[in-house]
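Novice: The structure's right below; bear with me while I get my questions together.
The values are calculated or read from the model by the stated rules, or taken from the named source; none is laboratory data. Being a predicted model, the structure only gives us computed values, none of them experimental. Note that we place each Cβ from the backbone using ideal geometry, even for glycine, and neighbour counts take in every protein chain shown. In case anyone asks, the SASA skips ligands and DNA or RNA and just uses the protein heavy atoms, side chains included. Shrake-Rupley method; radii C 1.70, N 1.55, O 1.52, S 1.80 Å.
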Amino acid sequence: MNKHRCGWCEGDSLYEDYHDNEWGVPVKDDETLFEFLILETFQAGLSWITVLKKRENFRKAFDNFDYKKIANYDQIKVDELLDNPGIIRNKLKVKATISNAQAFMEVQKEFGSFSTYIWGFVNGKPIKNKLQDYKEGPANTALSDTISKDLKKRGFKFVGSTVIYAQMQATGMVNDHEVSCFRYDEV
């Protein structure tokens with residue numbers, strides 16, 4: 001069966017698999033939300049496919065995105081990460097990952113879970129857009145601006161509005177599948 005997919009993922013099997021199985025699916029568990037937050041942070045200024053191709057390397061390097069471990073990384077671990085050719089070796093992003101893990105746990109303490117906090121911005125329900133073509137999709141919105149500002153106030157780094165909107169798309173807070181995409185009504 002020939003399925004219509006969003007145009008941004010066509011032609012690359014890794015991209016298509018990610019699109020078909022993960023992108024836009026509502027994520028409510030803190031572990032996966034943290035993983036996407038970190039991956040989106042590293043994606044800032046780069047293409048998503050670059051990060052996606054290194055995802056398994058990131059998993060290994062960052063203790064399977066265990067935020068409790070990451071929050072306690074020391075300079076030895078930072079140096080190890082910066083020497084790892086399998087990940088994006090950006091010192092500011094590596095350090096931001098550690099501080100973001102710490103801020104993530106503070107949000108958990110305040111709200112009971114990061115999921116409760118982040119999904120509270122959309123009242124627990126995905127925003128369903130009606131894009132005819134993925135190119136119509138925004139890079140950010142007033143809501144991603146609001147979330148970004150709140151996260152920054154809480155000590156998060158590399159969480160600009162565009163990064164947050166990509167996070168919202170990836171974790172299903174917003175459905176930006178094209179209306180003709182087979183996944184539009186499935187997520």
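Novice: At q = 0.14, 0.23, 0.26, 0.29 Å⁻¹, what is the base-10 log of I(q)/I(0) for the stretch 132-187 according to the Debye formula with one equal point scatterer per Cα and no solvent? Please give it to two decimals.
Specialist: One equal scatterer on each Cα of the stretch 132-187 leads to -0.41, -0.85, -0.99, -1.13.
Novice: Please give the per residue accessible area of the chain, computed with a probe of 1.4 Å over protein heavy atoms only, in Å².
Specialist: About 49 Å² of surface per residue is accessible.
Novice: Beyond 25 Å between alpha-carbons counts as too far, so tell me which of LYS53/LYS125; LYS68/LYS93; LYS28/LYS69; LYS54/LYS130 fall in that bin.
Specialist: Pairs exceeding the cut-off: LYS53/LYS125; LYS54/LYS130.
Novice: In debye to the nearest 20, how big a dipole does the stretch 34-187 give about its Cα centre with +1 on each Lys and Arg Cβ and -1 on each Asp and Glu Cβ?
Specialist: 320 debye
Novice: If the convex hull of the alpha-carbon atoms of the chain is projected onto planes in all directions, what is the mean projected area in square nanometres?
Specialist: Projected over every direction and averaged, the Cα hull of the chain covers 10.4 nm².
Novice: LYS91: which aspartates and glutamates have alpha carbons under 17 Å from its alpha carbon, excluding same-chain residues fewer than 8 sequence positions away?
Specialist: GLU40, ASP74, ASP79, GLU80, ASP83
Novice: Of the accessible area of the stretch 53-98, with the probe set at 1.4 angstrom, what percent is carbon plus sulfur?
Specialist: Taking all protein chains in place, the stretch 53-98 shows 46 percent carbon and sulfur surface.
Novice: Now for a separate question. Run the accessible area of the stretch 1-47 with a 1.4 Å probe and give the carbon-and-sulfur part as a rounded percent.
Specialist: On the stretch 1-47, the fraction of accessible area on carbon and sulfur atoms equals 46 percent.
Novice: Moving on to the next point. Which value, in Å² rounded to 10, gives the accessible area of ASP145 with a 1.4 Å probe and all protein chains present?
Specialist: 60 Å²
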